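The values are calculated or read from the model by the stated rules, or taken from the named source; none is laboratory data. Source: prediction; values computed, not measured. Cβ: placed from backbone, ideal geometry, glycine included. Neighbour counts: every protein chain shown.
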Amino acid sequence: MENVSLQEATFVVVDLETTGSSPLKGASITEIGAVKVRGGEVISEFKSFVNPLLPIPVFITQLTGIDNDMVRFAPIIDEIFPTFLEFCGSSNESILVAHNAPFDMGFLRMASKELEYEWPAYKVVDTVRLARMVLSREEVVNCKLGTLASFFNTQIKPTHRALDDAQTTVEVLHKLIERLSGYGVFTVGELEKVLRKRIKRESRLL
């Protein structure tokens, strides 16, 4: 996959809504949204509520609009997770993308572990990290999804709902890939190389 161009690569852009900030603190997934894209075109979309089997905190409902009644008859994660993995495809087929990817991947990896699924060795692209690489502070004051959506004037705006935010992230991803060409980054392997350098540089600053 390293030699595949970014224009030919298949990306699965994922967004989750949850009951809290971390699965390690007992939070659970309430909604999954994902968009599969290649060459700037949407191939397919995935959307489902998930019954977290615990009450949704009031502040989460205020943030996302998702309440207990909306997820009451939704599938539990045990039921929807295999369907989601099938949508994503194998790690040889797809690259996962998320805005602030450690958050989403943390929940998905935890679900995989608890359900005793082997988590595919997906390559993961974090659009927050990419934005920090190719956008200056003079262009954006921060790399929140809403800020980037405004900067790039995306057609879809983030709403703290899974599919809306995944669709917004798709548009942001495409704009960031355009910027990457100015850095001589055209393939999956070149992108990985740039991200590894960035990670090492950030580690030295910690």
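Structure summary
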read-out	value
Residue pairs meeting the criteria (Cβ under 8 Å; at least 6 apart or on separate chains; first crowded, with 19+ Cβ neighbours inside 10 Å, in the stretch 49-72; second at pLDDT below 95 and part of a loop (DSSP other than H, G, I, E, B))	none
Those residues of the stretch 103-135 which are assigned to a helix (DSSP H, G or I) and within 9 Å of the chain's Cα centre (by Cα), in sequence order	F103, D104, M105, T127
Condition met for K175 (surrounded by fewer than 16 Cβ atoms within 10 Å (Cβ to Cβ), without any contact (Cβ under 8 Å) to a residue 60 or more places away in the chain and more than 13 Å from the chain's Cα centre (by Cα))	no
Residue within the stretch 54-66 that is of a type outside the set (F, W, Y), on the phi > 0 side of the Ramachandran plot and at pLDDT below 95 present	no
Selection count, the stretch 183-206, where residues are at pLDDT 75 or above, surrounded by 13 or more Cβ atoms within 10 Å (Cβ to Cβ), assigned to a helix (DSSP H, G or I) and touching a helix residue (DSSP H, G or I) at 6+ places or on another chain (Cβ under 9 Å)	4
Test set (1) modelled with pLDDT of 95 or more; (2) out of contact with any strand residue (DSSP E or B) (no Cβ under 6 Å at 6 or more places or on another chain); (3) surrounded by 12 or more Cβ atoms within 10 Å (Cβ to Cβ) - E41 fails condition number	(3)
Count of the stretch 86-122 residues which are closer than 21 Å to T19 by Cβ and charged (D, E, K, R)	4
Some residue of the stretch 139-162 being basic (K, R), in contact (Cβ under 8 Å) with a residue 12 or more places away in the chain, crowded, with 16+ Cβ neighbours inside 10 Å and part of a helix (DSSP H, G or I)	no
The stretch 104-127 residues that are free of Cβ contacts under 8 Å to residues at least 40 places away in the same chain, paired with ones that are of a type in the set (D, E) (beta carbon under 8 Å, 6 or more apart)	S112/E118; L115/D78
Wholly within the stretch 1-100, helices (runs of 4 or more DSSP H) carrying at least 3 residues that are closer than 23 Å to P120 by Cβ and of a type outside the set (D, E)	77-88
Number of the condition not met by E2 [criteria: (1) modelled with pLDDT of 95 or more; (2) touching a Gly at 6+ places or on another chain (Cβ under 6 Å)]	(1)
Any chance F46 is farther than 21 Å from L115 by Cα, modelled with pLDDT of 95 or more and surrounded by 13 or more Cβ atoms within 10 Å (Cβ to Cβ)	no
